[in-house]
Protein chains: 4
Amino acid sequence: VSKTAQKKQTYGYHDDKEALVKRLHRIEGQVRGIERMVDEDRYCIEILTQVSAVSTALDSLAFQILDSHVNHCVAGALSSGNDREAQTKTQELLEAVQRFAKMR
Amino acid sequence: VSKTAQKKQTYGYHDDKEALVKRLHRIEGQVRGIERMVDEDRYCIEILTQVSAVSTALDSLAFQILDSHVNHCVAGALSSGNDREAQTKTQELLEAVQRFAKMR
Amino acid sequence: VSKTAQKKQTYGYHDDKEALVKRLHRIEGQVRGIERMVDEDRYCIEILTQVSAVSTALDSLAFQILDSHVNHCVAGALSSGNDREAQTKTQELLEAVQRFAKMR
Amino acid sequence: VSKTAQKKQTYGYHDDKEALVKRLHRIEGQVRGIERMVDEDRYCIEILTQVSAVSTALDSLAFQILDSHVNHCVAGALSSGNDREAQTKTQELLEAVQRFAKMR
């Protein structure tokens, strides 16, 4: 990937960047809220419910990034005719899926 | 997908077909083993351990099919230049990943 | 756990035994169905969908066993006053949950 | 649960409170790091790897809270002889496990 001063390489999620940052910012706030709950000795189950909510929010965010990655970066590499690049992208994708699906 | 008497459409996992059937057959046997455990009033935790083992075996099998699917079918569609086929394959793939990762 | 010819030790799921065996038998049939699908060169995504369905069925069965285990075996051990037994049951439970939730 | 000015109700995780807050604070920082990565147009897969790391960290934190919850709150309720309290705690626990294991 060549980078010049004029043109910065961007990726699949680029058009949703602002929305993504906003969602991450909200998740950051949720985590801070859990810190407060622990600090205030709130009930374990309430805390666990909030941790679950953050997990779900992260999963859904990850899926959005994965979706745009497949539709842009992977699709681009596979249709480029560059076999090596295509293979790298495919392999990376499978590893990312394996991590998220916790498939072993 | 045209099917003629001469040539049957096959998919990414085709070369591993025999090994896959064997693995599935072993999983089938594991499930039958759990039936026996329940029937013999075996301890809950031992049964749960076996159910976990079957889940892990299924995940790993699913990942193998997903891997060959991405490397053959999806890669083929994306490099074919057929946009509609490429989009269908991409969408199907993302939905399959979402089901396995239980991302919502 | 003492076992005599007269009285066999049973566990939380005992009353649902028949229903559990039936569910496992159905899952066994689903796995056999997937073997057939592979053998008939069915489309990868259709196979993955069936594997997902079996995974969900196993999860739901595991949860039923876990539920009765907690309500009978764990509850019994914790209210028995036998500290060692209580601790063993608690530890086993947490490990089973960790396996299912794939928490690391 | 009675609360007086003198004595505040605390829960299983109370002794690990400081460590838990620290871990949550680190997770908060990780999320902020991901925001920066998105803002800097970093590569999708690198971002996904970081999201995975946060998910794993949250899971492991949740498991620690669940562990102390079972060993203190649930164990306490089940050995108290208060059937209603025992049943509530058991039910809550199973629901929390179901959420984390994404069992349906």
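Rounded to the nearest angstrom and listed largest first, the equivalent-ellipsoid semi-axes of chain A from its Cα gyration tensor are 35, 18, 10. Could you tell me how many degrees, from 0 to 90 and to the nearest 10, lie between the Cα long axis of helix C:83-101 and the main elongation axis, the longest principal axis, of the Cα atoms of chain C? With rounding to tens, the tilt is 10 degrees.
Result for chain C in a Gaussian network model with C-alpha springs under 10 Å: among C:Gly29, C:Gly81, C:Gly12, the largest mean-square fluctuation is at C:Gly81. Legend: mean number of C-beta atoms from other chains within 10 angstrom of residue C-beta atoms, peptide B:15-23, equals 2. Amide H to amide H distances under 5 Å link D:Arg42 with no residue, where only residues 5 or more positions off or on other chains count and H is placed in the peptide plane. Across the options C:Val38, C:Thr90, C:Leu20, the greatest Cα extent toward the positive end of the charge dipole of chain C (unit charges at beta carbon of Lys, Arg, Asp, Glu) belongs to C:Thr90.
Computed from Cα positions, the angle between helix D:17-39 and the longest principal axis of chain D comes to roughly 30 degrees. The C-alpha atoms of chain D define a longest principal axis, and helix D:44-68 lies at about 10 degrees to it.
Taking each of A:Lys89/B:Lys89; B:Lys102/C:Lys102; A:Lys102/D:Lys22; A:Lys102/D:Lys102 in turn, the alpha-carbon distance tops 21 angstrom for A:Lys102/D:Lys22.
Close amide H partners of D:Met103, meaning residues 5 or more places away or on another chain with modelled amide H under 5 Å apart, do not exist here. Taking a ≥ b ≥ c as the square roots of the eigenvalues of the alpha-carbon gyration tensor, the protein assembly as shown is classed oblate because a/c is 1.5 or more while a/b is no larger than b/c.
Each Lys and Arg contributes +1 and each Asp and Glu -1, all at the Cβ; summed about the Cα centre of the protein assembly as shown, the dipole is approximately 0 debye. Each Lys and Arg Cβ is given +1 and each Asp and Glu Cβ -1; about its Cα centre, chain A then shows a dipole of about 340 debye.
FYI, it's all coordinate maths here, none of it is from the lab. Note that the structure is predicted; figures quoted are calculated from it, not measured. When we count neighbours, we look across all protein chains shown, and the Cβ atoms used for this are built from the backbone with ideal geometry, even at glycine.
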